[in-house]
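Visitor: Shown below is the structure under consideration.
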Amino acid sequence: MTPSDTPVLRFESIDSTNEEALRRLASGLKAPFWVVSEVQTRGRGRAGRQWKSPGGNLYATLAITLKVSAATATQLSFVAGLAAHDAASAFLSQDKASRLRLKWPNDLMLDGVKLAGLLLESVTVADGLAVILGIGINVAAPPADTGRSVASLALSPSSVEDVFESLADALERRIAQWNEGRGFPAIREAWLARALALNETISVNLNSSIIRGRFSGVDDNGALKLTTEAGVVMTVTAGDIYPDALR
C-alpha cells in the first residue's frame, strides 16, 4: 500500500473524518482509504472531547483492516504518533524539530504545547478488524478559543496538501515497521526517544483522582509505567498526564 494507491475521499466540510470513515465501512467500502476534509464541524478527540477544526489545517483519517486483536491494534496510537512526528519535522527547522515531543497517549507537542492530536478507533468488519486512525495537525494556525495554548506549523494554508502527503508517506512506512505488532519493540523505543517528560515527575488524572510519580516508560501493551512516590510501579491504560515541568 502506497499513498498514491490508497483512495482519498475529500470533503470541503464534514462533521468528523473519523465518523465518515466509520459510515463508509458500515456501508461496505473496503479499507484501506483516507478521508480528508478542509473543515470539521464536530471534530472530536479522545474521551469525546471537541477538536476545533477551522480551515487551513489538516484533518485526515486512515482506515485499514488488520488480522490482529483489538489489544494489539491499540499499539497503532504509537505508530500514528511517530508518523505525525515524522511529518511535522519535515516542515520545521532542525532546532524546532528537535523540540517536538510525543505526549502519552496521543498528542504531538511543540515546546510543551499541542500541535497535533490523534484518535484511534476500531470496529469489527467481515475482513477482520478495521482500525480508524484520525490525525489532526495544525498547519496554518492554531484554533482559537481552545482554553489552552495550542501550536501550529505556521505554514500557508496552501501547504495542507503537502503536509498530508508527508503524513501519508510517513504512516505507510511506520505501519510497515510495526508489522502487525511484530515490530512494536522498535516502535516503542522510537516513541520513547521522542516522549514528553520521560523519567520526569508527572501527575496522572484517573477518573477524578490524581496520582503523582515518575514516568518510567511504557510496557509491551503501550500502557504508561508510573513509579509512584512510594516506589510502587503501576501501569496506566487511560488517563491524562501533566508533567510537573509544564505546570
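The values are calculated or read from the model by the stated rules, or taken from the named source; none is laboratory data. Just so you know, these numbers come straight off a predicted model, no measurement behind them. Note that each Cβ is placed from the backbone with ideal geometry, even for glycine, and that neighbours are counted across all protein chains shown. Ligands, DNA and RNA are excluded from the accessible area calculation, which covers all protein heavy atoms including side chains. Shrake-Rupley method; radii C 1.70, N 1.55, O 1.52, S 1.80 Å.
Visitor: The conditions are (1) among the hydrophobic types (A, V, I, L, M, F, W, C); (2) open to solvent by 20 Å² or more (accessible area, probe 1.4 Å); (3) touching a Ser or Thr at 6+ places or on another chain (Cβ under 8 Å), and A154 fails exactly one of them. Which is it?
Guide: Evaluating A154 over (1) among the hydrophobic types (A, V, I, L, M, F, W, C); (2) open to solvent by 20 Å² or more (accessible area, probe 1.4 Å); (3) touching a Ser or Thr at 6+ places or on another chain (Cβ under 8 Å) leaves (3) as the failure.
Visitor: Follow-up question, since we're still on this one. Residue check: is L76 modelled with pLDDT of 95 or more, open to solvent by less than 10 Å² (accessible area, probe 1.4 Å), under 19 Å from G181 (Cα atoms) and of a type in the set (A, V, I, L, M, F, W, C)?
Guide: Taking the combined requirement at face value, the residue satisfies it.
Visitor: Counting just the residues of region 201-243 that are of a type in the set (D, E) and closer than 24 Å to A83 by Cα, which one comes out most open to solvent (accessible area, probe 1.4 Å)?
Guide: Ranking the candidates gives D220 first.
Visitor: Can you tell me which residues in region 57-73 are among the β-branched types (V, I, T) and open to solvent by less than 20 Å² (accessible area, probe 1.4 Å)?
Guide: Passing the criteria: T61, I64.
Visitor: Residue check: is E161 out of contact with any Phe, Trp or Tyr (no Cβ under 6 Å at 6 or more places or on another chain), surrounded by fewer than 17 Cβ atoms within 10 Å (Cβ to Cβ) and either at pLDDT 95 or above or not in a loop (DSSP other than H, G, I, E, B) (or both)?
Guide: The answer is yes for E161.
Visitor: Yes or no: G222 touching a residue at least 60 places away in the same chain (Cβ under 8 Å) and either part of a loop (DSSP other than H, G, I, E, B) or more than 16 Å from the chain's Cα centre (by Cα) (or both)?
Guide: yes
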